[in-house]
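The values are calculated or read from the model by the stated rules, or taken from the named source; none is laboratory data. The structure displayed is predicted, hence computed values, not measured ones. Here the Cβ positions follow ideal geometry from the backbone for every residue, glycine too, while neighbour counts run over all protein chains shown. The protein model used for the area step is the full one, side chains on, heavy atoms only, and it has no ligands, DNA or RNA in it. Shrake-Rupley method; radii C 1.70, N 1.55, O 1.52, S 1.80 Å.
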Amino acid sequence: MPLTNSLDLTLKTLPIGVTLVAVSKTRSVNEILELYNAGQRNFGENKVQELLQKQEVLPKDIQWHLIGHLQKNKVKYIVPFIYMIHSVDSLDLLKVIQKEAEKNNRTISVLLEIKIAVEDTKYGLSFENASFILSEVKSGKFPNIKIKGFMGMASFSDNKEQIKNEFSSLSSFYLQNKEEHNLDTLSMGMSNDYPIAIECGSNMVRIGTKLFGARNYTNI
Ligand SMILES: *Cc1c(COP(=O)(O)O)cnc(C)c1O
């Protein structure tokens, strides 16, 4: 199926107000351009190196989302152009983003990545640590950071109830903090679980496989 068709089909499944981030990791510049030419502007990558290579040659009005783990020493490369960082999982990382953002005279939109899966995942904050970071930012120590909301990944599982519980827990936390911290983004849902995520209140989905087909990691 042409990519523009699968983009149309995917967009038809999204309610108004839900933003599609096309996850383009491992995909070629030409594949990304095909979706760009069909009107898609939000793209997500999980590796800094790959993101830099693509950003350099692709249209400058693409809104790039960094969705994978971010190492502190790589922050400086993406801050000049990044649209949103979904994977802030420590106060130390936020401090580095603040420093680089100030140098670049930019305000960077970030999401705090929260660990909601019961399975052992490497990254993500507890609700408690996320609350602490929110209060630190509110106190004015991070003038070049805008926390827009949260990102979470559910367990890789067939158990819909479990996935639903995990997404619901993050959705409740989002609603508890939305007013006080002026949040507007809840990034939950990938190809296999995004309808559940939307049911639970997600307003940003990160979809790769459903748009582009299965990934082939040997291509890169
Ligand atoms: C790869 C990836 C996705 C997209 O996964 P698909 O199953 O291909 O839709 C979403 N979020 C993150 C953080 C990813 O690394």
At 1.4 Å probe size, with every protein chain present, just tell me what the per residue accessible area of the chain comes to in Å².
49 Å²
How long, wide and thick is the chain, going by the Cα atoms along their three principal axes, in whole angstroms, largest first?
50, 43, 32
Can you give the Rg to Rh ratio of segment 99-188, both from alpha-carbon atoms, with Rh computed by the Kirkwood formula?
1.02
In whole Å, what are the Cα extents of segment 100-142 along the three principal axes, biggest one first?
39, 20, 12
From a point 7 Å beyond the Cα of ALA38 in the direction of its Cβ, which residues of segment 191-220 have a backbone N at a distance under 12 Å?
210-213
Give me the lysines in straight-line cross-link reach of LYS164: C-alpha distance below 24 Å, same-chain residues under 8 apart excluded.
LYS12, LYS115, LYS122, LYS148, LYS178, LYS210
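Could you tell me whether segment 78-119 comes out rounded, prolate or oblate from its Cα gyration tensor? Rule is a ≥ b ≥ c as square roots of the eigenvalues, rounded for a/c under 1.5, then prolate if a/b exceeds b/c, otherwise oblate.
In terms of gyration-tensor shape, prolate.
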Relative contact order of the chain, pairs being alpha-carbon contacts under 8 Å that are 6 or more residues apart, as %:
20 percent
Which whole-number percent is the relative contact order of segment 126-194 (Cα, under 8 Å, 6+ apart)?
36 percent
Give me the accessible area of TYR194, 1.4 Å probe, in Å² rounded to the nearest 10.
10 Å²
Output the Kirkwood hydrodynamic radius of segment 1-92, Cα pairs only, in Å rounded to one decimal.
14.0 Å
How much of the accessible area of the chain, in percent, comes from carbon and sulfur atoms when a 1.4 Å probe is used?
49 percent
Applying a 10 Å radius around every beta-carbon, put 163-170, 177-184 in order of their mean neighbour count, most first.
163-170, 177-184
Setting aside same-chain residues fewer than 8 positions from LYS60, which lysines have a Cα under 21 Å from its Cα?
LYS25, LYS47, LYS74, LYS76, LYS103
